[in-house]
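Note sheet for the following structure.
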Amino acid sequence: MAIAVAAVVLLATSCIVLFLRMRASRREADRLRERERGFRMALWASNQRFWDFHVPTGRLRYLVAQHDQRGIDHGLGSEEADPAAVIHPDDLPAAVDRMRRYVAGETAEFSSEHRVRADSPSGSRGDWVWIRARGRTVEHQADGAVLRVAGTSLDIDRNREVERENRIASEVLRSMSEAVAVLDERFRFLSVNPAFTRITGYAAAEVIGHGAEMLDSLQHEPARGRGMRTGLEREGRWSGELWQRHGNGEEFLCAIEAATVAAGSAPHGERMYVVMLSDITLQKRAEEELRYLANFDSLTNLPNRSLLAERLSRAIVRARREGSRVAVLFLDLDRFKDINDSLGHATGDRILRAVAERLQQAVGHDQTVARLAGDEFTVILADLAAPEDAERVAREIIMAFEAPLLSQEGQEVSVSPSIGISVYPDHAQVPTELLKRADAAMYQAKAAGRRTYMRYDDSMEATIRRRATLAGALHKALDRGELHVVYQPRQSLATSRITGAEALLRWSSPEHGEIVPAEFIPLAEENGMILEIGEWVLREACLALQRWRQHGLDGLTISVNMSVLQLLRGDFAGVVRRVLDDTGVPPQALELELTESVLMANAAQTAVKLHAFRELGVSLAIDDFGTGYSSLAYLKRLPITTIKIDQTFIADLGHEPEGAAITTTVVAMAHGLGLNVVAEGVENQVQADFLALHHCDEIQGYWVSRPLDAVACMAFIRNRQPPARSAASQPASSP
């Protein structure tokens, strides 16, 4: 019985021990499973893989936590792979070399960054991703050599992309020409790029930790800076222009773009601001200069055509509203091209500046004075009560230019304006038409003798149209043979012999009829054709004289008018020499005529030019003497041989004592200077007798002969027989 009880106790004890052992085993298994589960979760959460490298065979085994797309745990997986199959071929040599060096004991840890297949070790051909692998020895061989190396690999593909982007962003910031600064929520500098130092003059160490107000300029009220900060805090962005202070104290204008960095992306959750500054000081100055050039004349600083049109439009709108008038005065300087040609364009520019100042003073600084182009100026007279007020201002302008202008060289230069006037609403309703009609009136003022003003009327339109038509036709006139030369004989009063003739240009147009020289010569001077036409006239006159000489008419001279453009532009003396050589005319048989106003416009420069002709042996005459203003001092210095008294004084002989007094005075003065005197426009016996009585040398006019063509003139000279007595002792018979 006792034995049976002992057996039962022993069996029960064995069962209990077995149960306890099984229970302990289950707890250990649970602990192992929990550890495995934790290990799997750690691998899964860290996105790492466990690897095991068997050194002798070079085989690689991966241990990975397997989860599906829903995150359901499927335990640990293990697969073997050939490193050459999973590591990128370009990275494999470096990875193998690092493992070799670690196994050889050259490094304390195996570490490598290389690319592997995204879905390795499954063996499928996925994309390459970057990993960082680290490992240590976990088992040695009997001889102490490394048997196995184990470790983890981490997918760093995204991190490398972020780092790459950060490096690019950092490099971009470093290379930017704009200054970039990061500020904290109290607007203190946290970091700046190199351009910040270059633009502001402050090094990073000088600004970091300091407030942005250290750059504020005194040109702005503090509220302007506070406005930027308020805008940033409220809107998250701000842009504008602010003056800033450079490190050296100078101020510069900045274009500023500022933005708020979200608190979540900032360290410690604080708000930060990124500010970009661009120095636009030079750009703004350039823009201001462009705006100035777009509206003002760079030479005179007067408004230009664009600003004139704008101001004229505003004046018209105001006049329409208030029932007043607006006048446009169009000014052109008389013979200003002569000044440019004789004194040079630099002096001409200085004179234009002086003209602008005097013109502004004459009309007052409350009126607009503009320069259109060249020597053309325009004045806007606003709020006029009557058109006569514009004429009063025009007279004041002309009087203002009575006194000569003084150039920077101290030389006095006389200029005079011709002025055209148009009035709103009498003559036009819009700016372009007002300017056009004032321009038309100005041309009529020039045609009326210059240094005067004309108010527009409707008849001027026809005159302007004819002028434009003739200007176009003149370009073809020479080629078409429409121009021809006639000759008016000149007679000696002492011997009654014909001494020569003056060559006169005529234009006979099939379309426009006979056009007088006073109408087309100014056009030829304006468009420069006078140079070509003048040379043609000179050659025609010399050829005619040579033919007369070949027919036995020796001792004759031919007179040819010379334009100021021929005198001042190019080498006209060379042209004259060439024509004389080509035609065989001796130099002493040629006389060149210039008007008094041309000679005296710049007598010093003219004298130099004229001496070249005298060296050729050519005679020089002053035409229309008495109509301009002559300085006796310069008249004595000029190489002049003849004075031709203007026909306006000759016409007064016999019934106006002033004409007789002027004529006798000119004759006496010319003889005192050793000059020959020719009276122009002699039309009757009384005039011829008076001139002969007062010892005038020669006469020219209809009383002697009308202008004739070359053949008729030669016949006239040959057939004209001198009377038995001189004109001084016996009146000459009318031809």
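Here's a check for you: in the stretch 77-93, which residue that is open to solvent by less than 50 Å² (accessible area, probe 1.4 Å) and part of a helix (DSSP H, G or I) is nearest to T57 (Cα to Cα)? Walk me through it before giving the result.
Keep residues of the stretch 77-93 that are open to solvent by less than 50 Å² (accessible area, probe 1.4 Å), which gives 77, 81, 83, 86-88, 91-92.
Adding the requirement that they be part of a helix (DSSP H, G or I) leaves 83, 86, 92.
Details: P83: 11, V86: 16, L92: 17 Å.
Ranking the candidates gives P83 first.
Being of a type in the set (G, A, S) and buried (at least 16 other Cβ atoms within 10 Å of the Cβ) is the filter here; which residues of the stretch 242-257 pass it? Please lay out each step first, then the result.
Let us first name the residues in the stretch 242-257 that are of a type in the set (G, A, S), namely 247, 249, 255.
Hit for the stretch 242-257 is A255, nothing else.
Can you name every residue in the stretch 571-591 that is without any contact (Cβ under 8 Å) to a residue 40 or more places away in the chain, open to solvent by less than 60 Å² (accessible area, probe 1.4 Å) and not aliphatic (A, V, I, L, M)? Spell out how you get there, then give the answer.
Within the stretch 571-591, the subset without any contact (Cβ under 8 Å) to a residue 40 or more places away in the chain is 571-572, 574, 577-578, 580-581, 584, 586-588.
Applying the additional criterion that residues be open to solvent by less than 60 Å² (accessible area, probe 1.4 Å) yields 572, 574, 580, 584, 586-587.
Listed by number, the residues that qualify are F572, G574, G584, P586, P587.
Would you confirm whether any residue within the stretch 655-671 is within 29 Å of L483 (Cα to Cα), of a type outside the set (V, I, T) and surrounded by fewer than 21 Cβ atoms within 10 Å (Cβ to Cβ)?
If we filter the stretch 655-671 for residues that are within 29 Å of L483 (Cα to Cα), which is where we start, we get none.
Taking every residue of the stretch 655-671 in turn, none turns out to be within 29 Å of L483 (Cα to Cα), of a type outside the set (V, I, T) and surrounded by fewer than 21 Cβ atoms within 10 Å (Cβ to Cβ).
Considering (1) in contact with a Gly (Cβ under 7 Å, 6 or more places away or on another chain); (2) within 24 Å of S559 (Cβ to Cβ), say which one D439 fails and leave the rest.
(2) is the only condition that D439 fails.
Residues S298, S278, S306: which one is closer than 30 Å to Q219 by Cα and either free of Cβ contacts under 8 Å to residues at least 24 places away in the same chain or loosely packed, with under 14 Cβ neighbours inside 10 Å (or both)? Spell out how you get there, then give the answer.
Numbers: S278 fails: either free of Cβ contacts under 8 Å to residues at least 24 places away in the same chain or loosely packed, with under 14 Cβ neighbours inside 10 Å (or both); S306 fails: closer than 30 Å to Q219 by Cα.
None of the others qualify; the one that does is S298.
List, please: which pairs have Cβ atoms under 8 Å, are six or more places apart or on different chains, and start with a residue in the stretch 335-363 that is at positive phi and end with one that is open to solvent by 20 Å² or more (accessible area, probe 1.4 Å) and of a type outside the set (F, W, Y)?
Pairs found: R335/R450; R335/S597; R335/A601.
Can you find even one residue in the stretch 519-532 that is among the small types (G, A, S), open to solvent by less than 60 Å² (accessible area, probe 1.4 Å), over 25 Å from A612 (Cβ atoms) and part of a helix (DSSP H, G or I)? Working first, answer last.
Taking the stretch 519-532 first, the residues among the small types (G, A, S) are 524, 528.
Narrowing the set further to residues that are open to solvent by less than 60 Å² (accessible area, probe 1.4 Å) leaves 524, 528.
Now restrict to residues that are over 25 Å from A612 (Cβ atoms): none.
The answer is no; no qualifying residue exists.
With the requirement that a residue be without any contact (Cβ under 8 Å) to a residue 24 or more places away in the chain and either open to solvent by less than 30 Å² (accessible area, probe 1.4 Å) or within 30 Å of V328 (Cβ to Cβ) (or both), what does the stretch 281-295 give you?
Residues of the stretch 281-295 that are without any contact (Cβ under 8 Å) to a residue 24 or more places away in the chain, as a first pass: 282-283, 285-295.
E288, E289, L290, R291, Y292, L293, A294, N295 - these are the residues of the stretch 281-295 that are without any contact (Cβ under 8 Å) to a residue 24 or more places away in the chain and either open to solvent by less than 30 Å² (accessible area, probe 1.4 Å) or within 30 Å of V328 (Cβ to Cβ) (or both).
D332: under 29 Å from the mean Cα position of the chain (by Cα) and open to solvent by 10 Å² or more (accessible area, probe 1.4 Å), yes or no?
Spelling it out, D332 is indeed under 29 Å from the mean Cα position of the chain (by Cα) and open to solvent by 10 Å² or more (accessible area, probe 1.4 Å).
Results for (1) open to solvent by less than 60 Å² (accessible area, probe 1.4 Å); (2) at pLDDT 80 or above; (3) part of a helix (DSSP H, G or I), shown as yes or no for each residue.
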position: V149; (1), (2), (3): yes, yes, no
position: T152; (1), (2), (3): yes, yes, no
position: R167; (1), (2), (3): no, no, yes
position: R186; (1), (2), (3): no, yes, no
position: A205; (1), (2), (3): no, yes, yes
position: Q219; (1), (2), (3): no, no, no
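It is to be established whether one or more residues within the stretch 482-501 are open to solvent by 40 Å² or more (accessible area, probe 1.4 Å), at pLDDT 85 or above and among the aliphatic types (A, V, I, L, M). Break it down into steps so the answer makes sense when it comes.
Residues of the stretch 482-501 open to solvent by 40 Å² or more (accessible area, probe 1.4 Å): 484, 494-495, 497.
Subset that is at pLDDT 85 or above: 484, 494-495, 497.
Narrowing further to those that are among the aliphatic types (A, V, I, L, M): 494.
Within the stretch 482-501, one or more residues are open to solvent by 40 Å² or more (accessible area, probe 1.4 Å), at pLDDT 85 or above and among the aliphatic types (A, V, I, L, M).
Across the stretch 422-474, what is the number of residues that are charged (D, E, K, R), more than 35 Å from the chain's Cα centre (by Cα) and crowded, with 18+ Cβ neighbours inside 10 Å?
1
Which one of these is open to solvent by 50 Å² or more (accessible area, probe 1.4 Å), aliphatic (A, V, I, L, M) and at pLDDT below 85: V138, V96? Give the derivation first.
Numbers: V96 fails: at pLDDT below 85.
V138 is the lone residue from the list that is open to solvent by 50 Å² or more (accessible area, probe 1.4 Å), aliphatic (A, V, I, L, M) and at pLDDT below 85.
Out of (1) more than 26 Å from L553 (Cβ to Cβ); (2) among the hydrophobic types (A, V, I, L, M, F, W, C); (3) part of a helix (DSSP H, G or I), what's the single condition that is false for A712?
(1)
Please find, within the stretch 335-366, the residue that is nearest to L435 (Cα to Cα) out of those that are of a type in the set (A, V, I, L, M, F, W, C), modelled with pLDDT under 90 and buried (at least 19 other Cβ atoms within 10 Å of the Cβ).
It comes out as F336.
Only one of these conditions is not met by A373: (1) surrounded by 15 or more Cβ atoms within 10 Å (Cβ to Cβ); (2) in contact (Cβ under 8 Å) with a residue 12 or more places away in the chain. Which number is it?
The single condition A373 does not satisfy is (1).
The values are calculated or read from the model by the stated rules, or taken from the named source; none is laboratory data. On a predicted model such as this, the values are computed, not experimentally measured, just so you know. Using ideal geometry, Cβ is built from the backbone for each residue, glycine included, and neighbour counts are taken over all protein chains shown. The area values use the complete protein model at the heavy-atom level, side chains included, leaving out ligands, DNA and RNA. Shrake-Rupley method; radii C 1.70, N 1.55, O 1.52, S 1.80 Å.
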